[in-house]
There are 2 protein chains.
Amino acid sequence: TIYVITPTYARLVQKAELTRLSQTFLHVPQLHWIVVEDSEQPTALVRDLLASSGLAYTQLHILTPKDRKLQEGDPSWLKPRGAEQRNEGLRWLRETASASRGQHGAASDDAVVYFADDDNTYSLRLFEEMRDTKRVSVWPVGLVGGMRFESPVVEGGKVVRFHTGWRPNRPFPIDMAGFAVSMRLVLANPDARFDGNAQMGYLESSFLQGLVTMEQLEPKAEMCTKILVWHTRTEKPKMKREEALQKQGLGSDPHVEV
Amino acid sequence: TIYVITPTYARLVQKAELTRLSQTFLHVPQLHWIVVEDSEQPTALVRDLLASSGLAYTQLHILTPKDRKLQEGDPSWLKPRGAEQRNEGLRWLRETASASRGQHGAASDDAVVYFADDDNTYSLRLFEEMRDTKRVSVWPVGLVGGMRFESPVVEGGKVVRFHTGWRPNRPFPIDMAGFAVSMRLVLANPDARFDGNAQMGYLESSFLQGLVTMEQLEPKAEMCTKILVWHTRTEKPKMKREEALQKQGLGSDPHVEV
Ligand SMILES: O=c1ccn([C@@H]2O[C@H](COP(=O)(O)OP(=O)(O)O)[C@@H](O)[C@H]2O)c(=O)[nH]1
Ligand SMILES: O=c1ccn([C@@H]2O[C@H](COP(=O)(O)OP(=O)(O)O)[C@@H](O)[C@H]2O)c(=O)[nH]1
Ligand SMILES: [Mn+2]
Ligand SMILES: [Mn+2]
């Protein structure tokens, strides 16, 4: 099984993003989608979308504490996004695994964990590449970090350094979309988690450090030469006319879910 | 068959957009994708993507004349985008239909034509809704025109006016994503086409005028109360670090397709 952990939060494009993402995942055999809402309560929008998605899924939620959350107007790099949500997904995985131990013990033995933001674009081949991850597998990510792509650099079948536009000497200068971890490793390291207070660009490192060394990374996607995932971002829709009409009592029906 | 006509043009996010779009369409039975590139020649990127998509498709191309094309820095509403490409798709449909007449004459009789931009988000239900279009079917579009949604307004089963934030009295104030046309109607009106010189906001009207009246529109999506398509737009990725590294000869490998 591939466990995909997706942080998500309420905004105008949320349903659109989750809709197209669910369509991608629906093509992938043996995928379990763990959707973690950045909210105080589970929302009906996400509940209904998951229920009609046709996917195996788990709906979780945890609110990012206000002091760790980006505020309107903050530059997007100021604070990491989705850290508590990914940790909540990890917590659920470990709890579920330990509850089922003894019953069908080895069930999760060849499972893989992947962190998939709700706005990226994923090729179907990516999931086949990550499926046999032993510890941590890695591959390039397109359109990230101000670059056409960032990528591990492979020599003689091993990752020897990283192609990145910024601080190549970070422990793991890899975007969240650029690696998967075996369930075995997640369970063997019960304290591994994302540090929501990590400096900019160090969130991935805060999790991977201690789990794996650069030498142990398993390069996928034809030795990291193919782009199978893109760090796309969706424009925030303008609501100028909506706001003007609302002032006249003529706004779009608020009962219609968008 | 649903014939989906998609204009597309080369840019950093093109492969990502077409990748996720192809995954959507791959869930839809009896869909034929007509991809029309805004280019002088068919490109290898689109050819390879289509060939490995698993979809039934046709790859066409036609370059937008320079004087009709948006230039870097122009506001996006200045000129209609994709008009010549959609017309090229219509041309191919009519030519193909007339070539096959006599052989399997009625084959296209219950076919439907839909214009799907490469950056929007489409629910799978949308395609079921449009499948039995008699003349022109319509439904709401989310996140368009500065509004939460724009929509035909239905009373007594008929479209009586339009909910839109701007010039409600245009003949058809409907986004490209908000209607489908029966193949029969397209063939019965061999001159119906998009006017690439239409004023802003009148491109859809230039095609629909003459094909149908407001009274004849067939409302779908539960009498136009459900949002099944979203006018999402993807951010243009920043390439600051890439450009800086390229100056040092350290840019991302240009042979890697992104
Ligand atoms: O306040 C927030 C902002 C973002 N996210 C989620 O965290 C992930 C990363 O956020 P985003 O895509 O905005 O980051 P960027 O594209 O800037 O790297 C996405 O799945 C978001 O839905 C979240 O849960 N709460
Ligand atoms: O120079 C261009 C610009 C756009 N398009 C295509 O035309 C459609 C509409 O363009 P866009 O999505 O940029 O329009 P908007 O989102 O602003 O309505 C999309 O399928 C684009 O790929 C095109 O073929 N050539
Ligand atoms: Mn993102
Ligand atoms: Mn668009």
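What follows draws every value from the coordinates through simple rules; no lab data is involved. Keep in mind it's a predicted model, so treat the numbers as computed, not measured. Glycine also receives a Cβ, built like all others from the backbone with ideal geometry; neighbour counts cover every protein chain displayed.
From the label point of residue B:247, set 7 Å along Cα to the beta carbon, how far off in nm is each other copy's matching point, shortest first?
4.5
Can you work out the FRET efficiency for the pair residue A:158 and residue A:27, with r the C-beta to C-beta distance and R0 = 30 Å, to the nearest 0.05?
0.45
When chain A is modelled as a GNM with alpha-carbon springs shorter than 10 Å, which of A:129, A:72, A:204 fluctuates the most?
A:72
Angle check, please: helix A:83-100 long axis (alpha carbons) against the longest principal axis of chain A (alpha carbons), in degrees 0 to 90, nearest 10.
60
Checking the table B:15/B:240; A:15/B:240; A:69/A:247; A:226/B:15; A:15/B:158 against a 22 Å threshold on Cα-Cα, which pairs fail?
Flagged as over cut-off: A:15/B:240; A:69/A:247; A:15/B:158.
Taking each label point as 7 Å beyond Cα in the direction of the beta carbon, state the distances from residue B:223 to the same residue in the other copies, shortest first, in nm.
6.4
Taking the label point 7 Å from Cα in the Cβ direction, how far apart in nm is residue B:48 from each other copy of itself, listed shortest first?
Here the equivalent label points are 4.2 nm apart from this one.
Using Cβ contacts closer than 10 Å as the measure, can you line up A:66, B:15 from fewest to most?
Arranged by neighbour count, lowest to highest, A:66, B:15 become A:66, B:15.
Testing the spin-label approximation: label points 7 Å from Cα along Cα→Cβ at residue B:214 and residue A:193. State their distance in nm.
5.8
So how far apart, in nm, are the two label points at residue B:128 and residue B:95 if each is 7 Å from Cα heading toward Cβ?
My value for the distance between the label points is 3.6 nm.
With the dipole of the protein assembly as shown worked out from charges on the C-beta (+1 for Lys and Arg, -1 for Asp and Glu) around the Cα centre, which of B:214, B:71, A:159 lies farthest toward the positive end?
Result: B:71, furthest along the dipole toward the positive end.
May I ask for the distance between the Cα centers of segment A:21-68 and segment B:116-193, given as a whole number of Å?
Cα centres, segment A:21-68 to segment B:116-193: 30 Å.
Using the 10 angstrom Cβ neighbour count as an exposure proxy, how do B:239, A:147, B:130 rank, fewest first?
Fewest to most other Cβ atoms nearby, the residues stand as B:239, B:130, A:147.
Once both axes come from the Cα atoms, what is the angle between helix A:14-25 and the longest principal axis of chain A, in degrees from 0 to 90, rounded to 10?
40
Using Cα positions and a limit of under 18 Å, work out the aspartates and glutamates in reach of residue B:66, with same-chain residues fewer than 8 apart set aside.
In chain and number order, the partners are B:37, B:38, B:40, B:74, B:84, B:88, B:195.
Given Cα positions, please report Rg to Rh for the protein assembly as shown, the hydrodynamic radius being the Kirkwood one.
Radius of gyration over Kirkwood radius for the protein assembly as shown works out to 0.98.
Where the convex hull is taken over the Cα atoms of chain A, what is its projected area averaged over directions, in nm²?
14.9
Which net charge results for the neighbourhood of residue B:74, defined as the other residues with beta-carbon distances under 14 angstrom from its beta-carbon, given Lys and Arg at +1 and Asp and Glu at -1?
+4
For each of A:21, B:55, count neighbouring Cβ atoms within 10 Å of the residue's Cβ, then give the residues from fewest to most.
Ranked by crowding around the Cβ, least crowded first: B:55, A:21.
For residue B:58, which sequence-distant residues (separation of 5 or more, or a different chain) have an amide H within less than 5 Å of its own amide H, given hydrogens modelled in the peptide plane?
Hits under the 5 Å cutoff: B:33, B:34, B:35.
Under a crude label model (7 Å from the Cα following the beta-carbon direction), how far is residue B:247 from residue A:166 in nanometres?
Calculated label separation equals 1.8 nm.
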